[in-house]
Amino acid sequence: MKLYKFKLTYYISVLILFFSVTFLYAESGGLGYTIPAASDLGEDGSIVSFNGQQVALSQKEYDENIIGVITEKVAASIEDINLEQSRIVAVTGETDVLVNTSNGNIEIGDYITSSAAPGVGMKATNSGQVIGQATQSFTSDNPSEVGKILVMLNVKSQFISPVGSTNVLTALRAGLDSKFLAPIITLRYILAVLVAASSFVIGFTSFRKVSGSSVEALGRNPLASGSIRRIVFFNFLLNFLIMMGGLILAYFILVL
């Protein structure tokens, strides 16, 4: 009888623990850890960065040092009990984040990054560091108005294709304007430049050699001028296609 009661109590405790954890995940769905920080560092939802010496509110666009979002609602957290003053920073899961519309209205699915307003996020339209994707929308006619939306946290460097880009120069300009690029993204830009440059070098070198040989042949045999001109034209057309092919390949490397 005692064993039966013990098992019943054990199972009930496990069920209570399970539903408690499930409720916490439903409420926040986030995981976090404590950081050494004063209690007035920022309100819940503030985006924070580590500047090499201390944790502070992010206050520049596409801050590459973002570490997470201040919150008190996490399903689980790793805490340092030796810290006299600390705050919890969420790094994964769905969490409330402070945002404004300084870079446009926010729609569901938009990437969120830091803005110039301390601790406040904005819509990311360029490649760079982001904190995650919005799961709620936020619109306002006042760019400085601050709201709070749910964001699925995933701090990383994200490549964002330019909206309405139609040429290689636009894509390259967007890449150069990015605040921070991941190594694989940087490699794509380098590879695109190498492909485009190589096609031009091959085209011009080949055309120069054939043109020089054609001029010599024309001097030795003026009667064959028609055939020589056709060869020069065909060579020019072939080299033009090579250069255009290099540009097209570079474009696809950037946008695909």
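The values are calculated or read from the model by the stated rules, or taken from the named source; none is laboratory data. Just so we're clear, the structure is a prediction, and the values are computed from it rather than from any experiment. Glycine gets a Cβ as well: all are built from the backbone with ideal geometry, and neighbour counts include every protein chain shown.
Whether any residue in the range 39-51 is more than 29 Å from residue 125 (Cα to Cα) and assigned by TED's automatic domain parsing to the domain that holds residue 113 is what I want to check. Scanning the range 39-51 turns up at least one residue that is more than 29 Å from residue 125 (Cα to Cα) and assigned by TED's automatic domain parsing to the domain that holds residue 113.
Which residue is farthest from residue 52 (Cα to Cα), if the candidates are limited to the range 67-91 and must be crowded, with 21+ Cβ neighbours inside 10 Å and out of contact with any Phe, Trp or Tyr (no Cβ under 8 Å at 6 or more places or on another chain)? Going through the qualifying residues, I end up with 74. Restricting the range 92-102 to residues that are within 14 Å of residue 58 (Cβ to Cβ) and not hydroxyl-bearing (Ser, Thr, Tyr), which is surrounded by the fewest Cβ atoms within 10 Å (Cβ to Cβ)? Of everything passing the filter in the range 92-102, 100 is surrounded by the fewest Cβ atoms within 10 Å (Cβ to Cβ).
Looking at the range 137-146, is at least one residue touching a residue at least 60 places away in the same chain (Cβ under 8 Å), under 21 Å from residue 41 (Cα atoms) and in contact with a strand residue (DSSP E or B) (Cβ under 6 Å, 6 or more places away or on another chain)? Taking every residue of the range 137-146 in turn, none turns out to be touching a residue at least 60 places away in the same chain (Cβ under 8 Å), under 21 Å from residue 41 (Cα atoms) and in contact with a strand residue (DSSP E or B) (Cβ under 6 Å, 6 or more places away or on another chain). When each of 169, 181, 249 is tested for being at pLDDT 70 or above and aliphatic (A, V, I, L, M), the lone residue that passes is 249. It is to be established whether one or more residues within the range 121-142 are of a type in the set (A, V, I, L, M, F, W, C), within 18 Å of residue 93 (Cβ to Cβ) and in contact with a Gly (Cβ under 6 Å, 6 or more places away or on another chain). No, there is no match, as no residue in the range 121-142 is of a type in the set (A, V, I, L, M, F, W, C), within 18 Å of residue 93 (Cβ to Cβ) and in contact with a Gly (Cβ under 6 Å, 6 or more places away or on another chain). Under the condition of being in contact with an Asp or Glu (Cβ under 9 Å, 6 or more places away or on another chain), within 22 Å of residue 111 (Cα to Cα), part of a loop (DSSP other than H, G, I, E, B) and at pLDDT 80 or above, the residues counted in the range 28-72 number 3.
Number of residues in the range 56-97 that are closer than 11 Å to residue 33 by Cβ and under 22 Å from the mean Cα position of the chain (by Cα) equals 6.
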